[in-house]
Each structure stands twice: as C-alpha cells, then as structure tokens.
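The values are calculated or read from the model by the stated rules, or taken from the named source; none is laboratory data. Fair warning: this is a prediction, and the values are worked out from it, not measured in the lab. Note: ideal-geometry Cβ built from the backbone for every residue, glycine included; neighbour counts use all protein chains shown. Side chains included, ligands, DNA and RNA excluded: accessible areas come from the protein's heavy atoms. Shrake-Rupley method; radii C 1.70, N 1.55, O 1.52, S 1.80 Å.
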Amino acid sequence: MATHRTFIATYIMASGRNGTLYVGMTANLEARVWRHRSGAFDGFSQAHDCTRLVWFEHHAWVVDAIAREKRIKKWLRDWKLQLIEETNPEWRDLAEDWYPVNDPNWSPPVED
C-alpha cells in the first residue's frame, strides 16, 4: 500500500493560515516536504517561508499529477483556499509527525 513516502502527489505548502501558497508535484512527498522545510530550495518557497504542508492529493501517474499542478497554479487564490479548507479547515501541518524528533539514528529522506 502506498504511503506519503512512496506515492506521486500534487501538493500545497503554505507559510501559515491564509499565507503565501506554493503548489508543486513530486514522486516522493516525504522528501519534498523535508526539502521545503530545510530551506533546500532557493527561490519562491524559501523566500516566502512555505514550510507547512496543508494539502496533497495522490495520483497514480506522473502526467496526472503534473496536469493537476498546472491547473491549480492557474486558479484564483480563493479557489486554492477553498480546496485546502475542504479537507484541512484548521490549516494543520499535515506532515507535522512525519519526521522524528531527537532521534540520533534518523537521516533526512532523499529524493530520487
């Protein structure tokens, strides 16, 4: 069974509730979210502190995830906010428990 570690996803990162939004897609959501959080991406998401995963959607095929990403990027901001609030009305960080705290044996996930 696929987990957040192994499936293709379209996702939205945010700087906070109703904050700056970043829309992306990946084949390794766990690694991609870690890269956003650790500041590994130069550019928009780092400059705007988009470190909270607030929405994601599983896809069976990369082409579907890319198409969905492109479609969402063209949406009005209000539509994106509605998409997030349909499944995450509290704007909770959906990846808040994905990474161990104070585990000396843990290493960050790597994107392939």
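Summary table
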| quantity | calculated |
| --- | --- |
| Meets criteria (closer than 19 Å to TYR99 by Cβ and modelled with pLDDT under 90) for GLY24 | no |
| The range 61-85, residues that are more than 13 Å from the chain's Cα centre (by Cα), hydrophobic (A, V, I, L, M, F, W, C), surrounded by 12 or more Cβ atoms within 10 Å (Cβ to Cβ) and at pLDDT 95 or above | ILE66, ALA67, ILE72, TRP75, LEU81, LEU83 |
| Residue in the range 86-100 that is least open to solvent (accessible area, probe 1.4 Å), counting only those that are more than 21 Å from ALA31 (Cα to Cα) and more than 15 Å from the chain's Cα centre (by Cα) | PRO89 |
| Index of the failed condition, HIS58 passing every other in (1) over 11 Å from TYR11 (Cβ atoms); (2) surrounded by fewer than 17 Cβ atoms within 10 Å (Cβ to Cβ) | (1) |
| Filter result for the condition that a residue is touching a residue at least 24 places away in the same chain (Cβ under 8 Å) and of a type in the set (Phe, Trp, Tyr), over TRP79, TRP61 | TRP61 |
